[in-house]
Each structure stands twice: as structure tokens, then as C-alpha cells.
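Scroll down for the structure; my scribbles are underneath it.
The values are calculated or read from the model by the stated rules, or taken from the named source; none is laboratory data. Predicted model, so just to flag it, every value in this text is computed and none were measured. Counting neighbours? That spans all protein chains shown, and the Cβs are built from the backbone with ideal geometry, glycine included.
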Amino acid sequence: MRYYKRECTEQGKINHFLNSAKIGFLGLTDGTIPYVIPLNFVWYKEHIYFHGASEGKKIEIMKVNQNVCFTVSEEYGTISNPVPAHIDTAYMSVILTGKAEKLDDWDEATQAMQEMLNKYVPAYFDNPLAKSHVEKYRSSLGSQTGIFKIVPASLSAKENPWQIDKMFHAGKKVHHDLDY
């Protein structure tokens with residue numbers, strides 16, 4: 001990380017961010033052209049879990065190269081400043097690298113999918129997810145759903161926190177920042 005001033009090392013803050021962010025970007029390469037796809041995910045027991053079809057480009061690339069990059073970023077707004085070069089963005093981001101593996105352990109896969117349900121539709125279902133559902137589910141195209149885990153080899157986080165009095169909003173003019 002080049003800009004260490006914005007490095008976030010507070011594990012609790014990183015965990016909270018990863019637990020609340022809705023979309024992550026999975027970066028793959030077959031050695032020639034990068035391929036990045038947005039997807040739903042869950043951060044559970046210090047691993048990234050995601051699911052998807054067991055066939056397709058993502059799967060073909062991961063068969064060749066399990067090394068992945070996973071990025072999560074949230075933008076919180078624009079920080080205004082009377083000096084144009086000092087206008088900035090409030091944000092948090094996490095980048096991790098590691099190896100992606102398809103889960104063969106149906107207990108772990110079921111728990112990961114339960115955590116996804118807890119994240120995206122909390123308290124929607126009356127009963128926990130059944131392992132048999134995870135094992136037998138097929139997409140509308142007939143493909144078995146694959147549940148994948150990224151085991152992080154590295155993780156870095158950056159943030160530029162929200163500054164309520166400095167955030168730009170419609171109607172704000174430079175003189176509002178000069179009054180401070």
C-alpha cells in the first residue's frame with residue numbers, strides 16, 4: 001500500500017465492513033486477460049464464501065489458476081474543500097488475495113450458505129437451511145450450485161472516513177466550507 005495514512009488495521013472495523021458490504025468483486029486471470037465479476041459474498045470465519053454455477057467462464061479460469069483477488073469497496077460521498085485539488089472521497093475498501101477452492105464438505109457449504117441467508121435476508125426463513133437442499137439444488141439451467149471459499153493469503157484495508165461537516169451535498173457552495 002502506497003498511501004499508508006489511509007491504511008486501516010483495526011480488525012473489528014474490517015470485519016464489520018466485510019459483514020455489511022453487499023457486493024464484492026472477484027478478480028481472476030487465466031494468464032492472459034483479467035476477468036472480474038461482481039458477486040454476493042459472506043465473510044465468515046475469516047474466509048470469503050460465494051456461490052454460483054458449477055460451470056462457466058469463472059469455473060474454467062479457476063481450474064487453471066486458483067489464485068484470486070477479491071475487492072470490496074464502498075463510497076460514502078464526496079468531501080468538499082475550497083482547494084479543488086483537495087476534494088476527496090469518503091470510502092472504505094478491502095483487497096485480499098488468496099486461493100479459491102470449491103467446497104466438497106457439504107456441512108461447511110451449508111453453513112456458508114446459511115450465513116449468506118442471514119446476511120441478505122435476515123430472519124426471512126423460519127428454519128435453518130437443510131444440507132440436502134444445498135446438495136441437490138440445481139439452477140434453472142440444470143447446473144449444480146458450487147459454493148466456493150477464498151482462503152486469504154493477504155488482506156489490506158484503506159479508509160477515508162466520513163466527515164459530516166465536510167461532506168458535499170446538493171446546494172453546498174464553497175463559502176460554506178470557508179465559514180469554518
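The table that follows gives values for the structure above.
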quantity	calculated
Subset of region 1-20 (residues that are among the aliphatic types (A, V, I, L, M) and exposed (fewer than 13 other Cβ atoms within 10 Å of the Cβ))	MET1
Of residues in region 90-110 being in contact with a strand residue (DSSP E or B) (Cβ under 6 Å, 6 or more places away or on another chain) and among the hydroxyl-bearing types (Ser, Thr, Tyr), the one nearest to LYS136 (Cα to Cα)	THR97
Unmet requirement for ILE23, which otherwise passes all of (1) exposed (fewer than 13 other Cβ atoms within 10 Å of the Cβ); (2) within 17 Å of GLU75 (Cβ to Cβ); (3) modelled with pLDDT under 95; (4) touching a strand residue (DSSP E or B) at 6+ places or on another chain (Cβ under 6 Å)	(3)
Search result, residues across region 133-180 that are among the polar types (S, T, N, Q) and in contact with a helix residue (DSSP H, G or I) (Cβ under 9 Å, 6 or more places away or on another chain)	GLN144, THR145, ASN160
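Residue-wise test of (1) free of Cβ contacts under 8 Å to residues at least 24 places away in the same chain; (2) under 24 Å from ALA21 (Cβ atoms); (3) not hydroxyl-bearing (Ser, Thr, Tyr).
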position	(1), (2), (3)
THR89	no, yes, no
THR97	no, yes, no
LEU117	yes, yes, yes
GLY146	no, yes, yes
SER156	no, yes, no
